[in-house]
């Protein structure tokens, strides 16, 4: 029996919190610092706590470059050296919530990860806090087996 699209999508909305690249090199003092980038940590921690309390998944991603990569200026790329694997710059901001229930993406031996999120019109502008580079609330209908 062939599956149709209605059978593949859960009728119950599922939510997950995706915390993107809140790393030392992207915070003040880092190699590729975002001005005031560390100001997202406190509001993120509150969101992380809420999601974990509700049993909803939290994912953290990180930029994780080898020491030599075509992305860096020295090797033909456009970016300064940043977020090199196993360095302090690649570590998450020290005040960012850590919890064994948080799923961390990327690590040694992994390739690039691409995330595609489709937003309803105006969704980002309606965000109560400006943390779009660092946090994306992903809401959608989860696939069921």
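Would you be able to tell me the number of residues in region 47-70 that are in contact with a strand residue (DSSP E or B) (Cβ under 8 Å, 6 or more places away or on another chain) and under 14 Å from residue 31 (Cα atoms)? Going through region 47-70 one residue at a time, the tally reaches 3.
With respect to residue 62, determine if the residue is free of Cβ contacts under 8 Å to residues at least 60 places away in the same chain, within 24 Å of residue 15 (Cα to Cα) and in contact with a helix residue (DSSP H, G or I) (Cβ under 6 Å, 6 or more places away or on another chain).
Numbers: free of Cβ contacts under 8 Å to residues at least 60 places away in the same chain: yes; within 24 Å of residue 15 (Cα to Cα): yes; in contact with a helix residue (DSSP H, G or I) (Cβ under 6 Å, 6 or more places away or on another chain): no.
When the stated conditions are applied, residue 62 does not pass them.
Checking residue 29 against (1) farther than 17 Å from residue 59 by Cα; (2) modelled with pLDDT under 90, which single condition isn't satisfied? Residue 29 satisfies every listed condition except (2). For residue 111, the test of being on the phi > 0 side of the Ramachandran plot and at pLDDT below 50 is failed.
The values are calculated or read from the model by the stated rules, or taken from the named source; none is laboratory data. Fair warning: this is a prediction, and the values are worked out from it, not measured in the lab. Quick reminder, even Gly has a Cβ in these numbers, built from the backbone with ideal geometry, and neighbours come from all protein chains shown.
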